[in-house]
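Read the figures in this text as sums done on the coordinates, not as results from a lab. None of the values given here were measured: they were computed from a predicted structure. So basically every Cβ, Gly included, is an ideal-geometry build from the backbone, and we count neighbours across all protein chains shown.
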């Protein structure tokens, strides 16, 4: 395979695409994502466990956020590079890594244009990250490119028909339609879509579904917590409030949350399914 730095031919970044990426970075840098990330650490742990990360291996965590996959991979003894389009998240990530007593290298990088040579890593991971990269075909190409022959790619993404998958589906109509080249995040939560993305690559693909619980005093309290700390929802409130549409979106998300509530004791507990995709790259 030809060695190269800085991505494949598919990863050409135009001014239009860069503007979308700049908006994404601003969104994810707003709020307090570290607080939200603490609610979903199970996904990162599951991704690392399913990958079978080994001591001494080279690991790349793509769209790493504050390190939900990076930190357990480093705890397993791997050499880990955590990349994200939003380096503002690294401050909390470094603090978390320090508290865990592990070393992680943090690097600002675009998942659609990874700054690594071909076949650089034994394990390529992502926990609730690549789902939000706009061009699914490009990022899947990059994941395969930087993974060594015989290596493993493992991705954890919200199931399209689960609580958070439906959450994003409800939010969609409240925003301008995405550009033609962008795919909705829910796609990564459908096994058939993921199979199509990797169909042309030398990987053996399997997927499994798991679930984690979100809990709060009430559905309203959970939505309000997300609104205050989760960048995409915080930005939605900021943009929709002046147009008078925010209350309708909040009500719709609360209605979904009440529908999904499995607590039965007056509190809120919503199981949210996620899809773990494992792709082993053939030698």
Problem set entry | Angle between the chain longest axis and helix 231-240 axis [Cα atoms, degrees, rounded to 10] | 40 degrees
Seminar exercise, completed: Here the Kirkwood hydrodynamic radius of the chain, Cα-based and in Å, equals 19.2 Å
For this session: Round to the nearest 10 and give me the degree value, 0 to 90, for the angle of helix 136-146's Cα axis relative to the longest principal axis of the chain.
Result: 40 degrees
For this session: Using only Cα atoms, find the angle between the long axis of helix 41-51 and the longest principal axis of the chain, and express it within 0 to 90 degrees, rounded to the nearest 10.
Result: 30 degrees
Problem set entry | Cα gyration tensor shape for the stretch 152-278, rounded if a/c is under 1.5, else prolate or oblate | oblate
Seminar exercise, completed: Over all directions, the stretch 178-233 yields a Cα convex hull whose mean projected area in nm² is 6.2 nm²
For this session: Could you tell me whether the stretch 21-162 comes out rounded, prolate or oblate from its Cα gyration tensor? Rule is a ≥ b ≥ c as square roots of the eigenvalues, rounded for a/c under 1.5, then prolate if a/b exceeds b/c, otherwise oblate.
Result: rounded
For this session: Calculate, axis by axis, the spread of Cα positions in the stretch 87-231 along the three principal axes, and write the results as whole Å, longest axis first.
Result: 48, 39, 29
Exercise. Counting each DSSP H run of 4 or more residues in the chain as -39500 (n - 2.57), what helix-only mean residue ellipticity at 222 nm follows after dividing by all residues, to the nearest 500 deg cm²/dmol?
Worked result: -11500 deg cm²/dmol
Seminar exercise, completed: Full extension between residue 193 and residue 100 adds, at 0.36 nm per residue less the Cα distance, a length in nm of 29.9 nm
Seminar exercise, completed: The distance between the Cα centres of the stretch 159-214 and the stretch 46-77, in whole Å, is 22 Å
Exercise. Using the per-residue mean of other Cβ atoms lying within 10 Å as a proxy for protection, in what order, highest first, do the peptides 154-162, 29-37 fall?
Worked result: 154-162, 29-37
